[in-house]
1. Please say if region 341-415 is rounded, prolate or oblate, where rounded means a/c under 1.5 for a ≥ b ≥ c the square roots of the C-alpha gyration tensor eigenvalues, and otherwise the choice is prolate for a/b larger than b/c and oblate otherwise?
2. Which of Leu386, Val334, Ser449 sits closest to the plus end of the dipole of the chain, meaning its Cα is farthest towards the positive end, when Lys and Arg get +1 and Asp and Glu get -1 on the C-beta?
3. Compute the distance in nm between two label points, each set 7 Å from the Cα along the Cα-to-Cβ direction, one at Arg209 and one at Ala278.
4. Where a ≥ b ≥ c are the square roots of the eigenvalues of the C-alpha gyration tensor, would you call region 173-253 rounded, which needs a/c under 1.5, or, failing that, prolate if a/b is larger than b/c, or oblate?
5. Full-extension gain between Ala114 and Arg460, please, as 0.36 nm times their residue separation minus the C-alpha to C-alpha distance.
6. Under a Cβ-Cβ cut-off of 9 Å, what is the net charge of the residues other than Lys161 that fall near it, where Lys and Arg count +1 and Asp and Glu count -1?
7. So, for region 1-111, what is the accessible surface per residue at a probe of 1.4 Å, expressed in square angstrom?
8. What fraction of the DSSP beta bridges in the chain is antiparallel, stated in percent and rounded to the nearest 5?
Amino acid sequence: MNHSASAQRSRRVPHVVIIGAGVSGLGLAMSLKRAGHHEFTIVEKGDDIGGVWRDNTYPGAACDIPAPLYSYSFAPHDWSQRYAGQQEILDYLRRCTDRHQLHGHLRLRTEIRAAHFDELAGRWRLHTQSGETLEADVLVPACGQLSRPSYPEIPGADRFKGHAFHSSRWHHTHDLSNRRVAVVGTGASAIQIVPQAAKKAAHLTVFQRSAPWIVPRWDRIYPPRKGIRRRLAHKAARLGWWLFNELTVPGLTRRRPIMRLSSYGCTAQLERQVDDPAVRARLTPRDEVGCKRIGISSDYYPVFNEPHVELVTDPIRDITEDGIRTEDGAEHRVDTIIYATGFTATDFLTSLHITGSGGRKLADTWREGARAYLGMTVPGFPNMFLLYGPHTNVGAGSVIYMVESQIRYVLDAVRILTSGSRRILDVRPPAEEAFTAEMRRRVQGTVWSTCRNWYRGANRYVTTNWPGQTAEYRRRTRRLNLAHYRPDSQGHTPGTPP
């Protein structure tokens, strides 16, 4: 092959495959189009776009981040209220998909089971559940941290004769009216489900392992705006909420006494809304405020004043044919169990079998916990960029802001590969090791390290959260620094030391 043909091949437009059509994957797809890059495919195992906003359709489902901040900076929307509901967010994502004409790039009902890097071709080969093979120059898993339901390991769960399901797999054909319902868990989903379930159930039992911190939900209806007024209102609200959350972050990561202000809002609401002192005491959190995600609700506490609602704080021993038995020996008879027990947030990409250069498996690389440089790139897995990977979740603020920082970084990588100056982008191990060591050191000083929560991996490290302000992450990801990546010239085989 002559030199010009070789140069032409090295400069061909790289094809990007995005796994997941949720907020992150759609955001990257839209940004690629806006940048003039049209060689990409979005692979989605579901039958529609939307990710968590497609899956979580339980009664009361809504975002606990103000909508102007929980939206794309390049796609302002005339939101109906401050805390948008599930359907409005899903409709927003569908409108964005339509506006950016992404349907031609979408492959729905296509599940990727495995991916391996072909070193000779310098490409990723993806294997679907149906046996098809897809190819990609750039692989972007955008599967999210909150996509795989977490089911508690409770003895006897398989012998329950009633109806049981996870909150993210809601059974809409199962009417809760006049039923004896149990909600297991008191996290963010349960806080929204319980008030709605209490309206229908004949009896509702809430099983609480630890009491959450809950502050009032200062919601408001937004007046409809058009044109420049809408854009200005969106930008002003977005900036205001971003600044508010940035000021909150140090209370979680460094100066934790700041968060006591939030605890005052919780205890004041609890005192005002719950009549029975004994129930109020059991609803009072014992963990440090901010250790787990702070709930936002103004109608959760009043439910426990209702005569048909029971709060159970004794640990669950097992599940019987007719209900749930606690350690004190009491059997709570129910015909419906709702597992509001969250997601396996620290099990990043466990459903995908990913093999990088040299035959190394991602599962082996992450045996002691997920790790990636800037939460995106892993040594030995060239041209692969994670979205919403380890250490990119936020304790305060919008994940979408963090994802947009990652998108900018991925776009920079695609530009570099398109220019032909690099064929392979494989992060150097020392860069990733230094970043991971920094993250582990910094999270030790945060409130998230003080209790049991979903931020921790099996190795006890907090592997999900970014231990700083989002502005810092935006600054550190503003461009791809080639010094942190191995050269692929002079016959260097990707994945081996240069």
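The values are calculated or read from the model by the stated rules, or taken from the named source; none is laboratory data. Since we're looking at a predicted model, the values are computed, not measured. Positions of Cβ are backbone-derived with ideal geometry, glycine not excepted, and every protein chain shown enters the neighbour counts. Surface accessibility is based on the protein's heavy atoms, side chains included, excluding ligands, DNA and RNA. Shrake-Rupley method; radii C 1.70, N 1.55, O 1.52, S 1.80 Å.
1. In terms of gyration-tensor shape, oblate.
2. Leu386
3. 2.6 nm
4. oblate
5. Full extension of this stretch gives 121.8 nm more.
6. -2
7. Here the per-residue accessible area is 41 Å².
8. So the antiparallel bridges amount to about 40 percent of the total.
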